[in-house]
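First the structure, in the form of structure tokens, and then the observations on it.
Please treat every number below as a calculation from the coordinates, not as lab data. What you see is a predicted model; the values in this text were computed from it and never measured. All Cβ positions, even for glycine, are placed from backbone atoms using ideal geometry, and neighbour counts span all protein chains on display.
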Amino acid sequence: MLGLTKERIEQVYEDIVSFSGLEKSINRPVKQYSSGMRARLGFSIAATLEPDIFIIDEALSVGDIAFYEKASERIQEMIAASKAVMVVTHSMMFVEKVCTRAIWINKGRLVFDGDPREAVAKYRENTKQGNVN
């Protein structure tokens, strides 16, 4: 799994299961998991392993608010620990609350790079004008 040794997986297994909140379902085949359960497990694996660069693509858009909050806190911890965290999202609330920098790309073109609140304000203004697809 992810190039890890069996020993390393065993070391972090309980942390992964605990963070994911899937204690009751962890022994079921993953193919029986809902998309939200798979997203929670995937996020929990990556967050527990503390990668140097952590890329998330809308992983937090599924699942319940409690996991969203826990995951947001974990992302903030990783940022504080000087880890590079990149989140691909359409959630303006998440960008304003968690991000320290926002990059807005539209149709493959860089539109904005800078302060998250400013990025969200510009994005919302552009959306009101009907310029965003």
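So the values come out like this:
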{"quantity": "Residue-wise HN-Hα coupling along segment 12-23, computed from phi with Karplus coefficients 6.51, -1.76, 1.60 (Hz; x: Gly, Pro)", "calculated": "9, 3, 4, 5, 4, 4, 5, 5, 5, x, 9, 3"}
{"quantity": "Pairs of Lys in the chain closer than 19 Å at Cα, counting only those 8 or more apart or on different chains", "calculated": "7"}
{"quantity": "Under 5 Å, built H, 5+ apart or other chain: amide partners of PHE112", "calculated": "TRP104"}
{"quantity": "Read-out mean projected area of the Cα convex hull in nm², derived from the coordinates shown; its label in (1) 12.7; (2) 8.0; (3) 9.6", "calculated": "(3)"}
{"quantity": "Amide proton proximity set for TYR33, modelled H, under 5 Å, gap of 5+", "calculated": "none"}
{"quantity": "Stretch gain in nm, segment ASN106-LYS24, where the contour uses 0.36 nm per residue and the Cα spacing is subtracted", "calculated": "25.4 nm"}
{"quantity": "Cβ-based charge dipole, the chain, positive-most Cα from PHE94, ALA71, LEU22", "calculated": "PHE94"}
{"quantity": "Computed helical MRE - 222 nm, the chain, DSSP H runs ≥ 4 contributing -39500 (n - 2.57), nearest 500", "calculated": "-16000 deg cm²/dmol"}
{"quantity": "Amide hydrogen neighbours beyond the local backbone of VAL85, cut-off 5 Å, H modeled", "calculated": "PHE54"}
{"quantity": "Neighbourhood charge, 11 Å Cβ-Cβ cut-off, centred on PHE67 and excluding it, Lys, Arg +1 and Asp, Glu -1", "calculated": "0"}
{"quantity": "Förster-model FRET efficiency, 22 Å R0, LYS31 and THR5, C-beta, rounded to 0.05", "calculated": "0.30"}
{"quantity": "Phi to ³J(HN,Hα) by Karplus 6.51 cos²θ - 1.76 cosθ + 1.60 over segment 46-51, Hz, x for Gly, Pro", "calculated": "5, 5, 6, 7, 6, x"}
{"quantity": "Computed E for GLU125/ASP64 - FRET, C-beta separation, R0 35 angstrom, nearest 0.05", "calculated": "0.65"}
